[in-house]
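The values are calculated or read from the model by the stated rules, or taken from the named source; none is laboratory data. Quantities reported herein were computed from a predicted structural model and do not represent experimental measurements. Positions of Cβ are backbone-derived with ideal geometry, glycine not excepted, and every protein chain shown enters the neighbour counts. Only protein heavy atoms, including side chains, enter the accessible area calculation; ligands, DNA and RNA are left aside. Shrake-Rupley method; radii C 1.70, N 1.55, O 1.52, S 1.80 Å.
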Amino acid sequence: MKFKSDIDIDFADRQQVLDLLNVTPASIIRDGKLTKHNTGVYATDIPVDPFVGSASLDYNDAEARGYMKLDLLNVHVYKQIKSEEHLVKLMQEPDWTKLYDPAICAQLIHINNHYDTLLKMPEPVDTIPRLAMFLAVIRPAKRHLIGKTWKEVASTVWDKVEGEYAFKKSHACAYATLVVVNLNLLCESA
């Protein structure tokens, strides 16, 4: 069975999870050399490069051969949530103007490197659906939508593009919620 994508799983502390699992680190080619992937692992047997200590295939070759990579991601936002009630409070509509503060935006998960792109959108990101669309627009397959109105973006942003990295609507909405939690945490601590 061949897989066309990996699975991303967020944790407050990925090392705690890695300590419990028997996994092989994934590999990536950087500067022409096979090196250990930052977050990817394989839970199934895969050939290992004894010099690198990770998979002997880079993750693209491994995917083409039917190996499925898991990306175990550290999301430090989770460590700041005190309780279920606190989380519910953090999931409420944020002060959207804070998104446009460069210092705050730089600290936000998933959009921290995209402040300039945020400013290129002709209408503000001021709702969770718009934030979800923005998260999709910054992916390679949808960058052509940068600078379009939200109505124009909405008309094609969720269309699948074969062979290109794009977000599904469900993923973008989930990540948008995480950004909102992160934004509210930053505002709460300010």
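Among the criteria (1) open to solvent by 30 Å² or more (accessible area, probe 1.4 Å); (2) under 23 Å from the mean Cα position of the chain (by Cα); (3) not hydroxyl-bearing (Ser, Thr, Tyr), the one Val77 does not fulfil is (1). Of the residues making up the stretch 4-39, just one is hydrophobic (A, V, I, L, M, F, W, C), open to solvent by 90 Å² or more (accessible area, probe 1.4 Å) and part of a loop (DSSP other than H, G, I, E, B), namely Leu20.
Beta carbons closer than 7 Å, at least 6 apart along the sequence or on distinct chains, pair a first residue in the stretch 137-164 that is under 20 Å from Tyr115 (Cβ atoms) with a second that is modelled with pLDDT under 90 for Arg139/Tyr165; Arg139/Ala166; Arg139/Phe167; Pro140/Glu164; Pro140/Tyr165; Lys142/Ala166.
For the stretch 98-122, the set of residues classified as open to solvent by 30 Å² or more (accessible area, probe 1.4 Å) and within 14 Å of Val179 (Cα to Cα) consists of Lys98, Tyr100, Ala106, Gln107, Ile109, His110, Asn112, Asn113, His114, Tyr115, listed by residue number. The test for being modelled with pLDDT of 95 or more, in contact with a helix residue (DSSP H, G or I) (Cβ under 8 Å, 6 or more places away or on another chain) and open to solvent by 80 Å² or more (accessible area, probe 1.4 Å) holds for Glu152.
Just checking, which of Leu183, Leu145 is under 29 Å from Leu87 (Cβ atoms) and either open to solvent by less than 60 Å² (accessible area, probe 1.4 Å) or small (Gly, Ala, Ser) (or both)?
On the way: Leu145 fails: under 29 Å from Leu87 (Cβ atoms).
Checking each option against the conditions leaves just Leu183.
Residues of the stretch 41-85 that are part of a loop (DSSP other than H, G, I, E, B), aliphatic (A, V, I, L, M) and touching a residue at least 40 places away in the same chain (Cβ under 8 Å): Met68, Val75, Ile81.
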